């Protein structure tokens, strides 16, 4: 069994943003791992331009994080947290995404109590939300026992309601509540992610400028990430994405001149691999993706990946293996444990390169 499949030491959980630890966003640590070299490099995130070349392409997710956690009350008075993940993928009102997030009434949701999944919900059960809102559980969603397909009834549009009553999704390892601004990346534009596309969090405007000045362009796409608290190799479920024509052209041009396509986060990998052809070219596209990137499938377009440190049993690790190989991922996680890299959305970074 690979070392990274073992339990994560609690001391390595990032319990607060780097700013609260006296660091700038781009001062988090970054482990650089090459498929061609067994020896990892230890750096800071702001050193990223040193490890990329002119002609490489960095692809980022411009989805903004929602205040997707709401207080919910069962009929017996039990207080729960309701996490809105995504509009139901088969709800026609949920396309295009922004209009759908405003108008969709069917959602994939998660109930939690005391920081843990709440599994005693019942089909047909209604829970009270703030200001007269209600949510009715309809049926379990796919194979995830903790997720529900639910119907929302709100006094206003979803984004307005979340702005007034919601809060960022927060898990038990975080020391205290943080403002929504702490969960936004410098690229955040279109609201839609239940949880922050956290691989992009360490970027700053200054670092973006430095990359572009070094001949390393940055291309945007959107993938609205759902709740990420996946359990015991639970596969990802459908998420909404959009790869613009300009980004598709940049990816194809980069591959044409021999540059590397570096994805910032597993959300970017999923979106790009959704529109990838077998020859590695990509086309513009949008919609709901159910693509699961595994070592068996392989990564067709992504050469490098900038990501965080994932829970030991997260299915995201299979995506890392698809990009870097199982041996590299195992080496990296051994080094991360040995050198005290921090996990989760406010933690350190991992750069995988050919």
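Each value in this text was obtained by applying a stated rule to the coordinates, not by laboratory testing. In this text, all values refer to a predicted model and were calculated from it rather than measured experimentally. As a convention, Cβ positions derive from the backbone with ideal geometry for all residues, glycine included, and neighbour counts pool all protein chains shown.
So the values come out like this:
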quantity	calculated
Projected label distance in nm at residue 205 and residue 53, using a 7 Å step from Cα toward the beta-carbon	3.2
Shape of segment 69-165, Cα gyration tensor, a/c cut at 1.5	oblate
Likely footprinting exposure, 203, 346, fewest C-beta neighbours within 10 Å first	203, 346
Mean separation of Cα contacts under 8 Å, 6 or more apart, over the residue count of segment 69-165: relative contact order %	26
Efficiency of FRET between residue 281 and residue 125 - r from beta-carbon atoms, R0 35 angstrom, step 0.05	0.15
Over the chain: helical MRE at 222 nm, DSSP H runs n ≥ 4 each giving -39500 (n - 2.57), nearest 500	-5500 deg cm²/dmol
C-alpha long axis of helix 326-338 to longest principal axis of the chain, angle in °	80
Relative contact order of the chain, pairs being alpha-carbon contacts under 8 Å that are 6 or more residues apart, as %	25
